[in-house]
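Beneath this line is the structure, given in structure tokens, with notes to follow.
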Amino acid sequence: MSLYAAVDLGASSGRVAVGHIQKGVIVVREVHRFSHEAQTLSDGSIRWEWEKIVHEVIYGLNKSLELGPIKSLGIDSWAVDYGLLDSTGKLAEIPFTYRDGRTDGLMTQISQDVGREYIYSKTGIQFIFFNTAYQLFAAKGTSAFRKAKTFLMLPDLLNYILCGKKSSEVTNSSSTQLLNARSQEWDFELIKRIGLPKAMFPKIHKPKAVIGRVRGHGPIDGIKVIAVGSHDTASAVAGTPLNPNGRSAYISSGTWSLIGLELEEPVTTEKALVYNITNEVGVGGRIRFLKNVTGMWLLEESIRYWRGKGLEFTAAELAAGAAKCDSNQIIDTDDLMFAKPGPMPETIARFCEETGQSVPESPFEFARCIFDSLALAYSRALKDLIDASGREIDEINIVGGGSANELLNQLTADATGKIVYSGPVEATVLGNLIIQMEADGQIDSLQAGREMISNSANRKKYIPQEGTDWEGLWNGILN
């Protein structure tokens, strides 16, 4: 029996899981889970607990050996964040989080200086304040940047720590707004215009590539490191059992909700730019034509706020309570006031007051406001994607942790008017695993892997129901 380890890092937690094929289905066992938080340092910067993340990943990989020899491992994580290596190969500074305020205002500045249309025509990546391009621009002039010789996205940085290879996986690299959408290589013309040094960008590799073997870490030495869709959404989409007829949309529901379509070619038209749709590279060279929607971050920050007030809630408890509440308030999830850490219920209340709405009173009413707002955001994003791509859609596949939220699944069906299928919750881990299995010859193709995932997962179907005036709710906050 061949065992494969998937390292999956989210913006608040990480896990190491082991998978194998048994009787035509993929069996997954989580062997280690850990939490981590962004830390505000004395200088006001917001950084990741990088040493802890590295320690926990290596601990989890060692723990995976308790199940037997591990044939290979693959690493995925959130996008846009990176590390800088100096001339000795050491980390020049603790990696920043994408929510750090150093990029404030830079998106507008760079868009004006370099040209918004030019940047989009080259990269096809949406304009969002924390893109890696702006982070690197903000770093120019710092001592860490002056010492830097190599730039690596976080999964690539972990690959380097494990096996010493410096290269950059294409799916995560595409999120930087520095990769050419068509060549799927670094766009050095754009990089030069932004004023970044060409020499710090490593060669690009693609999913299924052999990065190397673990070395210098004791018992796990010798495990083969395989490139997967290192952007967790790329692995999640790979692990989504999309209908092969091409008429399925997906929502990868976690801290962020990524709603999109899988296309063969990027769409960098003026309409796609106006809608601010991103063209990120997927597994097999496919394009993840998607929009970012602030996701369970709204609920996660609210839970943290209430915990500080002595109120303990789980996401499931809040969803159950919210199901008994009416749809009364809507927030614009794209508003930057919801992007930074802080007292989220107070921020939601302020938005409702400023838009002439009643303010939710109980945590359950706040949760209902969040879920209604997310469902409406999904609907609006899907309309933009359909209009820009010309693709007709019959169904939506929701995967990731948020797919366990039955209320939000039903609200999404209601708001979009589309059939919704939920699951698998572990789409990212499954996508990570099937890429390794395909690289090892255990699975013939991505589609074969998706069919195996469909057979392995417990999926539920949601039929759209009428009753809520969704556009009326949205128009109410615009007036």
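The values are calculated or read from the model by the stated rules, or taken from the named source; none is laboratory data. This is a predicted model, so every value here is computed, not measured. Neighbour counts run over all protein chains shown; Cβ positions are idealised from the backbone, glycine included.
In table form, for the structure just shown:
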quantity: Odd one out for Gly308 among (1) more than 18 Å from Ser13 (Cβ to Cβ); (2) touching a residue at least 24 places away in the same chain (Cβ under 8 Å); calculated: (2)
quantity: Number of the exception - Arg215 against (1) within 22 Å of Val7 (Cα to Cα); (2) outside any loop (DSSP other than H, G, I, E, B); (3) not assigned by TED's automatic domain parsing to the domain that holds Ile396; calculated: (2)
quantity: Qualifying residue in the stretch 54-72 (condition: touching a Pro at 6+ places or on another chain (Cβ under 9 Å), within 26 Å of Ala439 (Cα to Cα) and among the acidic types (Asp, Glu)); calculated: no
quantity: Residue in the stretch 63-81 that is assigned to a helix (DSSP H, G or I) and among the aliphatic types (A, V, I, L, M) present; calculated: yes
quantity: Matching residues, the stretch 118-144, being over 23 Å from Val170 (Cα atoms) and either under 21 Å from the mean Cα position of the chain (by Cα) or not aliphatic (A, V, I, L, M) (or both); calculated: Lys140, Gly141, Thr142, Ser143
quantity: Condition met for Gly195 (surrounded by 18 or more Cβ atoms within 10 Å (Cβ to Cβ), touching a helix residue (DSSP H, G or I) at 6+ places or on another chain (Cβ under 8 Å) and at positive phi); calculated: no
quantity: Cβ pairs under 9 Å, 6+ apart, first in the stretch 45-71 and within 21 Å of Pro95 (Cα to Cα) and touching a residue at least 40 places away in the same chain (Cβ under 8 Å), second in a helix (DSSP H, G or I) and small (Gly, Ala, Ser); calculated: Ser45/Gly101; Ile46/Gly101; Ile58/Gly218
quantity: Within the stretch 444-479, tally of residues that are in a loop (DSSP other than H, G, I, E, B), within 28 Å of Glu30 (Cα to Cα) and without any contact (Cβ under 8 Å) to a residue 12 or more places away in the chain; calculated: 2
quantity: Test: residue in the stretch 420-437 that is surrounded by fewer than 22 Cβ atoms within 10 Å (Cβ to Cβ) and either within 21 Å of Ser327 (Cβ to Cβ) or out of contact with any helix residue (DSSP H, G or I) (no Cβ under 8 Å at 6 or more places or on another chain) (or both); calculated: no
quantity: Test for Lys383: is it basic (Lys, Arg), more than 29 Å from Leu273 (Cβ to Cβ) and out of contact with any helix residue (DSSP H, G or I) (no Cβ under 6 Å at 6 or more places or on another chain); calculated: no
quantity: Those strands (runs of 3 or more DSSP E) lying entirely in the stretch 218-330 with at least 1 residues of a type in the set (Asp, Glu) and either buried (at least 21 other Cβ atoms within 10 Å of the Cβ) or outside the structural domain of Trp470 (by TED's automatic domain parsing) (or both); calculated: 256-263, 278-281
quantity: Selection count, the stretch 46-62, where residues are assigned to a loop (DSSP other than H, G, I, E, B) and farther than 19 Å from Tyr134 by Cα; calculated: 1
quantity: Any helices (runs of 4 or more DSSP H) falling wholly within the stretch 98-151 and containing at least 3 residues that are crowded, with 22+ Cβ neighbours inside 10 Å and not assigned by TED's automatic domain parsing to the domain that holds Val293; calculated: 116-123, 132-139
quantity: Of all residues making up the stretch 152-185, the number that are in a loop (DSSP other than H, G, I, E, B), in contact (Cβ under 8 Å) with a residue 40 or more places away in the chain and surrounded by fewer than 22 Cβ atoms within 10 Å (Cβ to Cβ); calculated: 7
quantity: Selection from the stretch 372-427 of residues that are under 21 Å from Trp297 (Cβ atoms), outside any helix (DSSP H, G or I) and basic (Lys, Arg); calculated: none
quantity: Members of the stretch 405-436 found to be among the acidic types (Asp, Glu) and at pLDDT below 95, listed by number; calculated: Glu426
quantity: Residues of the stretch 347-370 classified as under 18 Å from Asp326 (Cα atoms), hydroxyl-bearing (Ser, Thr, Tyr) and assigned to a helix (DSSP H, G or I), total; calculated: 0
quantity: Residues of the stretch 11-24 that turn out to be assigned to a strand (DSSP E or B) and surrounded by 13 or more Cβ atoms within 10 Å (Cβ to Cβ), as a count; calculated: 9
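Let's see how each residue does on (1) modelled with pLDDT under 95; (2) closer than 28 Å to Ile125 by Cβ; (3) over 24 Å from the mean Cα position of the chain (by Cα):
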{"residue": "Ala6", "(1), (2), (3)": "no, yes, no"}
{"residue": "Leu9", "(1), (2), (3)": "no, yes, no"}
{"residue": "Ser12", "(1), (2), (3)": "yes, yes, no"}
{"residue": "Trp48", "(1), (2), (3)": "no, yes, no"}
{"residue": "Val57", "(1), (2), (3)": "no, yes, no"}
{"residue": "Asn62", "(1), (2), (3)": "no, no, yes"}
{"residue": "Leu65", "(1), (2), (3)": "no, no, yes"}
{"residue": "Lys71", "(1), (2), (3)": "no, no, yes"}
{"residue": "Ser87", "(1), (2), (3)": "no, no, yes"}
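Residue-by-condition table, conditions (1) at pLDDT 95 or above; (2) under 30 Å from Glu117 (Cβ atoms); (3) in contact with a strand residue (DSSP E or B) (Cβ under 8 Å, 6 or more places away or on another chain):
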| residue | (1), (2), (3) |
| --- | --- |
| Lys271 | yes, yes, no |
| Ile277 | yes, yes, yes |
| Ser302 | yes, no, no |
| Trp306 | yes, no, no |
| Glu312 | yes, no, no |
| Ser327 | no, no, no |
| Met337 | no, yes, no |
| Met344 | yes, no, no |
